[in-house]
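Read the structure below first, then the notes.
The values are calculated or read from the model by the stated rules, or taken from the named source; none is laboratory data. For clarity, every value in this text was computed on a predicted model and none was experimentally measured. With ideal geometry, Cβ positions are generated from the backbone for all residues, glycine too; neighbour counts draw on all protein chains shown. Keep in mind that these areas ignore ligands, DNA and RNA; they rest on the heavy atoms of the full protein, side chains included. Shrake-Rupley method; radii C 1.70, N 1.55, O 1.52, S 1.80 Å.
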Amino acid sequence: MRYVRLDTPKPISKIGLGTWQFGSREWGYGPEYERRAAEIVRRALDLGVTLFDTAELYGFGRSERILGAALGDDRGKVVVASKIFPLLPVAPVVQQRAVASAARLGVDGIDLYQVHQANPVVADTTTMRGMRSLQDVGLVGEVGVSNYGLRRWRFAEAALGRRVLSNQVRYSMIDRGPEEDLIPYAEQAGRIVIAYSPLAQGFLSGRYDATNPPAGAVRRANPYFLPENLERGTALIATLREVADAHDATPSQIALAYVLRHPNVVAIPGASGVEQMERNAAAAEIDLTDDEYAALVAAARAFRPVTGLAAVPRMVRARLGR
């Protein structure tokens, strides 16, 4: 495992574990997944993973409980990250919700506490006042945000009066917006971009195509998995396979290596089983050549999926089987 080279109390692994699936039925993993979740966490620890990300919204608190129980006595050795859902995120509410999350996780302090989404009405001034109080009493170590643009990330940091260590955003080969400003800022300022959905919810795994679409409510709601987009992605997946063959790796591992090539980026893919956790962790050791990276960039730019409003009628027809 490799780690981010930053001054943090605990090392932050380049590959973390995202636990949205823990306790959430919409992924369609079945009732036995809760038992497997504990096995995944224990294996992640064995592999040197130190970043475990959850949120109060995931499974309405169940993800935090499952993660905390699975970590057990190792909770104090790793970076436990959670997120507050920004419903009325004024200072007293932020403090109350952090106490509740810490209790579900079974920790004395949350290593990284993040604002799950920017609130369009409540300014970060009051939210960060609550975060600062939590830091002052030792319940929160580092503060982070999620789904923030650069301007609001910097404003949040000014409101906190301290560093806002991380910004957790959607980032993958086909969601490359963070490369424009968030990643350069993180590298310049000594901050971290946490990439969620680094495999575009499995689109980049090569497991799916127009004749083999994914199951589960989450993926079915993602326009990338429209039959037309799966067909359009054929060339991109072929390039991933070509680079993967050169490294004796899988397309998913190469897609992870793509985002991890940036020194201040970490990725938090989920895992449906221990084997997938092992493959994800191994991706941190893959070094892409400049030519390989350029080929991946070119293939990603050539991919033109149907998204936004144009995807809505196609998704309706796909749901109806027409």
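Residues in the stretch 280-292 that are in a helix (DSSP H, G or I) and surrounded by fewer than 17 Cβ atoms within 10 Å (Cβ to Cβ): E285, D290, D291.
Filtering the stretch 237-270 to residues that are in a helix (DSSP H, G or I), open to solvent by less than 10 Å² (accessible area, probe 1.4 Å) and within 30 Å of A189 (Cα to Cα) leaves I254, A255, L256, A257, Y258, V259.
Within the stretch 34-52, track down each residue that is under 12 Å from G16 (Cβ atoms) and either acidic (D, E) or not in a helix (DSSP H, G or I) (or both). Listed by number, the residues that qualify are L47, G48, V49, T50, L51, F52. When the residues of the stretch 129-142 are filtered to those that are among the hydrophobic types (A, V, I, L, M, F, W, C) and over 22 Å from the mean Cα position of the chain (by Cα), the one that is most open to solvent (accessible area, probe 1.4 Å) is V137. Here A249 passes the criteria (1) more than 21 Å from the chain's Cα centre (by Cα); (2) free of Cβ contacts under 8 Å to residues at least 12 places away in the same chain; (3) within 21 Å of I268 (Cα to Cα) except the one numbered (2). Within the stretch 143-163, being at positive phi and buried (at least 16 other Cβ atoms within 10 Å of the Cβ) holds for one residue alone: N147. Could you go through the stretch 201-216 and let me know if any residue there is open to solvent by 50 Å² or more (accessible area, probe 1.4 Å), under 19 Å from the mean Cα position of the chain (by Cα) and within 24 Å of P269 (Cα to Cα). The answer is no, given that none of the residues of the stretch 201-216 is open to solvent by 50 Å² or more (accessible area, probe 1.4 Å), under 19 Å from the mean Cα position of the chain (by Cα) and within 24 Å of P269 (Cα to Cα). Being among the β-branched types (V, I, T) and assigned to a strand (DSSP E or B) is a property that I194 has. Which condition number in (1) more than 24 Å from V143 (Cβ to Cβ); (2) of a type in the set (A, V, I, L, M, F, W, C); (3) open to solvent by less than 10 Å² (accessible area, probe 1.4 Å) is the one that L71 fails? Every condition holds for L71 apart from (1). When V121, V107 are screened for being open to solvent by less than 30 Å² (accessible area, probe 1.4 Å) and more than 24 Å from R191 (Cα to Cα), only V107 passes.
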